[in-house]
Structure formats: structure tokens, C-alpha cells
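One structure is given here, and the rest of the page talks about it.
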Amino acid sequence: MTEAQARHIVLAARPQGKPQLTDFRLEDTAIPTPRAGQVLLRVQYLSLDPYMRGRMDDRKSYAKPVPLGGVMDGEAVATVIASHHPGYAEGDIVLAQTGWRTHALSERADLRKLDPAVAPVTTGLGVLGMPGFTAYGGLRVIGKPAPGETVVVAAASGPVGSLVGQLAKLAGARAVGIAGGPEKCAYVQDELRFDAAIDHRDAAFAAQLTAACLDGIDVYFENVGGAIWQAVLPLLNTFARVPVSGLIAQYNGVGTGDGTDRLPATMREILSKSLTVRGFINTEFAAEHYPAFLREVGAGIADGRIRYREDFVDGLEKAPAAFLGMLEGRNFGKLIVRMDT
Ligand SMILES: NC(=O)c1ccc[n+]([C@@H]2O[C@H](COP(=O)([O-])OP(=O)(O)OC[C@H]3O[C@@H](n4cnc5c(N)ncnc54)[C@H](OP(=O)(O)O)[C@@H]3O)[C@@H](O)[C@H]2O)c1
């Protein structure tokens, strides 16, 4: 890339089921020029997140799909390299919805400034950002774990699940994590200090989950759906809470799925055990809980009570392959693109 050029990645085709590399296209473009009221941002770190898979489909949802030929949505840590906005100076480091780009314009007055002295700036994309707040808000508002209760979460080594389990422990509950493969499970149990970690790829997964939850499950933080939900369902206690955060196992689903419709059984359990099952989008809790989230999780990082892991890939051109790998579990921790500009 020459100095005078920017690059971005657009949605080249809508995936049918599992996305392919050919669904993305890397394009060269001119570096934009900021007008009055705008800042020019150079992206340092681009976040890759499961929700982006949903934006690739032309389906009604809480957010608009990315149009064909449009730049992929995404949040980034970026440096202000030119400012015509009174709120920002050159050199400021901010969180911004840049999309999958090397350079972006913004005229927002509410970009969150990041101070590397408080925490590494990349935490703004993971443990101290949208995924972390998803864990915090879902647990605080819906899960409400009490001391001695059992909290189960899948995708437990990722930015949402890892904080769910750690916050559950800090609230005095037992934390059981579900993750893919022995290495992730060892990390969840040994490093994140969950009480147990169960490998959902093991043939004996359901039996192992049952053995780890002898008193049943009081909070199941739903990140995955599919086969994991089926193993969790019979273990839910009366009055269990189920924050429904994500359903990554079905994000690539087309048509009516695999044909095993568990919805009637699910609804029956919801009724007969007075379960609270509530879907949510983390922004719903922001006005009330974001300042406390930053304070409490920031303090936990600073004194070591909260740990996190980041998985870096280098260069914007690696973003599509890294994103597809994340959907298959090849990332290990918060997946972040380190830009080479
Ligand atoms: N509601 C909201 O506002 C909100 C906001 C952010 C995220 N979310 C949701 O939270 C969930 C976790 O997000 P994240 O950013 O922390 O992702 P992440 O853990 O970094 O990455 C996704 C992980 O999901 C697991 N996974 C994928 N397919 C699976 C399958 N079929 N069965 C079991 N596990 C599977 C993989 O981990 P393993 O290898 O360990 O299985 C993979 O590493 C996602 O569902 C996401 O959509 C919701």
C-alpha cells in the first residue's frame, strides 16, 4: 500500500450458509479528506465479531444488513490523524465504527477516547468494550447470579464468555465454562479460574456437563444454541435465568435448519419452571450500566482479578480469513486485526 492510498473490504456476495473468502473483496481507495466538523481516523486495530455474520445476510434484524458492495461493518481503535472537530486533537486514540477500513472519516461528537495508561487500548474492543459489556449487562440485568448458584456459559474462552464466568465467580457463584477443545478448556479452568470447563467436542459432552452441574444450572448465559442448548435444557433449575446473548451455532443456518425442532420442548420448560429467557442487545443497558462497567472491570484488570486474552492477526488483508476462522473456533480470545499502516 502506498502512503496516498487507503484500503477497505466490501461484501462481494451474500453467503449461502457458510461464508467463503470470495464473499469479500479488498479494494484500494483514496484517503478521504475531512471537512469542517470531521476527523480523519487511521485504524490501528479492527475488531472482528460474530454479529458481522448476520450483517452479511439480507434479513430483517435489529441492525441493517451490509449492502452488496458496501464496506463491512466493524468497530476499531483508531488514531486521529487530522481533526476539524473541536472535540478531538491529532494523536487522540478513539473507539469508532469505522468498518473494515484502513482510514475513515467521523463527525461524531461522542467517540470514546482511550487512554493507554488506563488499560491497553485493544481492551476497548474486547473485555472493556462491547463484548465485555455484553457479559456484564446480561449477567447484571438478567442472570443475577447469587452466591452458591451455578452459572454455565459457552464460548467460554472468548471475550463475552470469559468475562461472564469471571464475574459470576466474583459474585460468589460457581462458574462452568463450555469450550471447543482441550487447550481452550485448560485456559478456562486454569487461567480464568472457572470451577470446571467442559469440551463440547467430546463425545461424552452431555454426561460431563451433567457431572459438573450436580445441583443443576441456575444461570445459563446463552451464546451458542444448537446442541449445547439441548444439553443444557434438562439441567435448568426452576427459576433459572437464561440471558440469551447469541446463537452462533445457527448463524450459518439456511432454510429450516437441521430439522430437529426443539422449540416445543423449550417452550414447555420455560412455562413449567417459570424460567426467565430474555434476548437482549447490549446497548439496551448502556445508559444505566456503562459507567459502572468501565469502572469495575477496569479496576479488575488493573489489579489482576480480571484476565483477558487477545488473538491478533496482522494486516487488513487477513481479516476475511480470520473472520471465517472465528466462526469455526480457530480464534483463541478476542480476535483483533493489527493494521500495518
Ligand atoms: N447480544 C449482544 O449484544 C451480543 C454482543 C456481543 C456478542 N454477542 C454474542 O456472544 C457470543 C460470543 O461472542 P464473542 O465475541 O465472545 O465470540 P468468540 O467467543 O470470540 O468467538 C466465537 C466462539 O463461538 C464458539 N462457537 C462457534 N460455533 C460454535 C458451535 N457450533 N458450538 C459451540 N461453540 C461454537 C467458538 O468457541 P469454542 O471453540 O469454544 O466453541 C468461537 O471461538 C456470540 O454468539 C455473539 O453473537 C452478543
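Odds and ends about this structure:
- By accessible area, using a 1.4 Å probe on protein heavy atoms only, segment 96-192 has 54% of its surface on carbon and sulfur.
- Dipole magnitude for the chain: about 500 debye, using +1 per Lys or Arg Cβ and -1 per Asp or Glu Cβ, origin at the Cα centre.
- Of the chymotrypsin sites (Phe, Trp or Tyr not before Pro) found in segment 11-77, those in coil by DSSP whose Cβ has at most 14 other Cβ atoms within 10 Å are TYR62.
- For the pair LEU26 and THR210, the difference between a 0.36 nm per residue extended length and the Cα-Cα distance amounts to 61.6 nm.
- Extreme residue, positive dipole direction of the chain, given options GLY325, ALA249, GLY279 (C-beta unit charges): GLY279
- Length gained on full extension, ILE81 to ASP58, computed as 0.36 nm times the residue gap minus the Cα-Cα distance: 4.8 nm.
- Rounded FRET efficiency, nearest 0.05, which uses the C-beta distance separating ALA117 from GLN5 and R0 of 41 Å: 0.80
- Surface accessible to a 1.4 Å probe, per residue, for the residues of segment 182-313, Å²: 54 Å²
- Whole-angstrom gap from segment 1-64 to segment 114-164, using each part's C-alpha centre: 26 Å
- The simple spin-label model puts a point 7 Å past each Cα toward its Cβ; for ILE281 and ALA12 those points are separated by 3.0 nm.
- Checking the Cα-Cα distances for LYS113/LYS318; LYS113/LYS334; LYS60/LYS184; LYS144/LYS334; LYS60/LYS169 against a 32 Å cut-off, the pairs over it are LYS60/LYS184; LYS60/LYS169.
- Per-residue ³J(HN,Hα) for segment 72-77, Karplus 6.51 cos²θ - 1.76 cosθ + 1.60, θ = phi - 60°, Hz, x for Gly and Pro: 4, 5, x, 9, 8, 8
The values are calculated or read from the model by the stated rules, or taken from the named source; none is laboratory data. Model, not experiment: these values are computed from the prediction. Cβ atoms come from the backbone with ideal geometry, glycine included; neighbour counts cover every protein chain shown. Please note that ligands, DNA and RNA were not included when accessible areas were found on the heavy atoms of the full protein model with its side chains. Shrake-Rupley method; radii C 1.70, N 1.55, O 1.52, S 1.80 Å.
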